[in-house]
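The values are calculated or read from the model by the stated rules, or taken from the named source; none is laboratory data. Not measured: the values here are computed from a predicted model. Heads up, the Cβs are rebuilt from the backbone with ideal geometry, glycines too, and the neighbour counts pull from every protein chain shown. Ligands, DNA and RNA are stripped out before the accessible areas are found, and what is left, the full protein with its side chains, is counted by its heavy atoms. Shrake-Rupley method; radii C 1.70, N 1.55, O 1.52, S 1.80 Å.
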Amino acid sequence: MKRALTVALLVVVAIPLLYAVAQLPQHGSPMTPPYTHISPRYLEKGPEEAGAENIVTDVILNYRGFDTNGEVTVIFTSLAAVCAVLLGSRKGDERPAGEPSSSAVPVSDVVSFVVRLLSPLIAIFAVYVMLFGHISPGGGFQSGAILAALVIVTTVIVGRKQAEALVPVRIRRLLQVAAPLTFFVVGVSGLFLFGDYLAYPKTEGQMWLATAWLIVIGIGIGVGGAAVLASIFWTMGDDS
Amino acid sequence: MNAVEAILRALTVILCAIGAFYFFIGTVGMLRLPDFYSRTHAATKCDTVGAGSILLGLMLMQGFGAITLKLIALTALLLLSSPTAGHALARAAFRTGLKPWRSPEHTEGEDAT
Amino acid sequence: MSRAFDITLLLLLIACALAVIQTKDLLGAVVIFSTYSLIMCLIWQHRGAPDVAMTEAAVGAGVTSALFLVAISKTVRKEK
Amino acid sequence: MIALLWINLDYAASVVLFCIGLYCVVTKNNLIKKFIGLNIMETAVFAFIVALGVVEGGDAPIMGADANAPFTNPIPQALILTGIVVAVSTTALALSLIIRIYQHCGTIEADELREME
């Protein structure tokens, strides 16, 4: 019965979707609706108008800055929610005692050595991605994820305590809100200088300022995203 | 195309063929070898030797330039990370108590003693 | 040629997705899922979206897998 | 229709992946497995939207000295970039909820949890 229902559901979902997909304009043709409205303008005017040669960065941080502002708040909110769920009231805690400790097996020397060797390079790569998001692929989110992965690997290798000691608690609180905060600062500067929240300089001579703001927001998102993701990892790894 | 270029192109083709061959061997090993440890060994081998020689061939084709530097960095990363991953896998398996495979006639003799 | 490459990648992607839902061992499923993310990242790079590919490689294959692994280590490994 | 699907193969693959993910979400009992299925569905939708922006022979939309004419559409890419990061946020929240459920009830199988009520 259940199986028949599942099959029916899949058929009901798949057939209309496949039908609709078959009716779409040919894959890869430049005449598709998403390509004919606003993209040509972005592609044509992006570098002069928005301050970055990477049009994706332009769209994310400049043309659709509000969107990203909200989205950055979403990742911060998810950290808050994870903390609220896992660190909340511990009343109903009926976990079986004697859970196997995570450090039962010592860390391998080879892995530890290779990670120590590579981690500066990974950090350099993350910083490069963060700072050059406006002219090459990459940007804030990517470097944030790379840094978070670095922190996670470090936590696995040298242990939670030492990894957390890299970032003192007081600074960490600030870093976790770095991304929304940077957006807020840039947005308010735009409000004062150009009359709108998140307004970017538009004239020819002020392009350097727009690029500088893109870089600043990139740094903010990178550092903030890394702090948020690493904190989520640590919070989930807590023996609460 | 002068002689040097032709030789370089030939070397590239040979190196890429060697790389593809090692990938093939590694895949066959993954499918055919009896236990976890030997399969890990096969996978790591095709990562390092196969991808390494393909990258070397590409370097020869590119000549000296920015792309070659990137390829060198890539090769170094591959040569570091792939054996480490293999080592970590095998070590984790050994620590959790997975016994290496012995050929059947061998194990019978061991059990008797 | 490029189309053959595309089709191969898409088939690999579908095979990975099927393998994920077939695997009873959650740890194995997560590892295959991270492979799935990497193949997706290759497809996006091939389609001319390096930004998205980079994000998927770092977030989908890196951080998400780590989070899944933590969750599995905190709960159970085998699916009933 | 088959011929049209062959032309739009990338879209069709996204639909297939979406259905695989939906099957996983509907039939699997383990909450983590359900969530992996949800992630597959998410990725399928992302792949579909990125495929919408592809232009035949198009380069990445990065203007530089050596960039040449057809560029892929940057808007779907920007959209998906945001989407992926939101996806990892939801994954983190869902996984922490699952951990919490396990701490409370000792199981993460959906039917056992339903019997517990």
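Being under 15 Å from the mean Cα position of the chain (by Cα), part of a helix (DSSP H, G or I) and touching a residue at least 60 places away in the same chain (Cβ under 8 Å), is that true of even one residue in region A:184-194? No, because not a single residue in region A:184-194 is under 15 Å from the mean Cα position of the chain (by Cα), part of a helix (DSSP H, G or I) and touching a residue at least 60 places away in the same chain (Cβ under 8 Å). Selection of first residues in region D:1-29 that are facing chain A (nearest Cβ under 7 Å) and of second residues that are among the basic types (K, R) and assigned to a loop (DSSP other than H, G, I, E, B), restricted to Cβ pairs under 9 Å at least 6 apart or on distinct chains, gives the following pairs, ordered by first then second residue: D:D10/C:R47. What are the residue pairs meeting all of these: first residue in region D:73-91, first residue under 14 Å from C:R47 (Cβ atoms), second residue at pLDDT below 90 and assigned to a loop (DSSP other than H, G, I, E, B), Cβ atoms under 6 Å, and 6 or more apart or on different chains? So the pair list comes out as D:N73/D:G53; D:P74/D:P61; D:P76/D:G53; D:Q77/C:A49. Count of region A:111-120 residues, restricted to those that are surrounded by 14 or more Cβ atoms within 10 Å (Cβ to Cβ) and either under 22 Å from the mean Cα position of the chain (by Cα) or facing chain B (nearest Cβ under 9 Å) (or both), is 5.
Yes/no per residue for (1) modelled with pLDDT of 90 or more; (2) closer than 22 Å to A:I122 by Cα:
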site	(1), (2)
B:N2	no, no
B:D47	no, yes
B:L55	yes, yes
B:R95	no, no
B:P104	no, no
B:T107	no, no
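Taking the criterion of being open to solvent by 70 Å² or more (accessible area, probe 1.4 Å) and not polar (S, T, N, Q), the residues of region C:1-36 that qualify are C:M1, C:R3, C:F5, C:L11, C:L12, C:L18, C:K24, C:V31.
Number of residues in region C:51-72 that are open to solvent by 20 Å² or more (accessible area, probe 1.4 Å) and at pLDDT 90 or above: the value is 3.
Comparison of B:L55, B:L69, B:L60 shows that the only residue that is farther than 21 Å from B:R91 by Cα and touching a residue at least 40 places away in the same chain (Cβ under 8 Å) is B:L60. From the list D:I49, D:I80, D:I84, D:I108, the one residue that fits, being more than 18 Å from the chain's Cα centre (by Cα) and either of a type in the set (A, V, I, L, M, F, W, C) or open to solvent by less than 10 Å² (accessible area, probe 1.4 Å) (or both), is D:I108. Just wondering, is there one or more residues in region D:78-86 that are facing another protein chain (nearest Cβ under 7 Å) and either of a type in the set (F, W, Y) or touching a Gly at 6+ places or on another chain (Cβ under 7 Å) (or both)? Yes, the conditions are met somewhere in region D:78-86. Taking the condition within 26 Å of the chain's Cα centre (by Cα), at the interface with chain D (Cβ under 9 Å from one of its Cβ atoms) and either of a type in the set (A, V, I, L, M) or within 30 Å of A:F184 (Cβ to Cβ) (or both), does A:G51 pass? No.
Could you identify the single residue in A:S78, A:S89 that is within 25 Å of D:S96 (Cα to Cα), modelled with pLDDT under 85 and of a type in the set (S, T, Y)? Quick ask: steps written out before the conclusion?
Working: A:S78 fails: modelled with pLDDT under 85.
Exactly one of A:S78, A:S89 is within 25 Å of D:S96 (Cα to Cα), modelled with pLDDT under 85 and of a type in the set (S, T, Y), namely A:S89.
Scanning region B:1-19 for residues that are touching a residue at least 24 places away in the same chain (Cβ under 8 Å), open to solvent by less than 80 Å² (accessible area, probe 1.4 Å) and either more than 17 Å from B:S82 (Cα to Cα) or of a type in the set (S, T, Y) (or both) yields a count of 6. Does region B:26-37 contain at least one residue that is within 14 Å of chain A (Cβ to nearest Cβ) and either open to solvent by 30 Å² or more (accessible area, probe 1.4 Å) or hydroxyl-bearing (S, T, Y) (or both)? No: zero hits.
Of A:I124, A:I152, A:I135, all but one fail to be β-branched (V, I, T), assigned to a helix (DSSP H, G or I) and within 14 Å of chain C (Cβ to nearest Cβ); the exception is A:I152. Restricted to chain C, the set of helices (runs of 4 or more DSSP H) holding at least 2 residues that are more than 10 Å from chain A (Cβ to nearest Cβ) and among the polar types (S, T, N, Q) comprises C:2-22, C:26-46. Each residue in region D:35-65 was checked for being assigned to a helix (DSSP H, G or I) and either under 26 Å from A:A20 (Cβ atoms) or facing another protein chain (nearest Cβ under 7 Å) (or both), and 17 of them qualify. Give the residue that is farthest from A:G218 (Cα to Cα), with candidates limited to residues of region A:155-190 that are of a type in the set (S, T, N, Q) and buried (at least 20 other Cβ atoms within 10 Å of the Cβ). The extreme case among them is A:T155.
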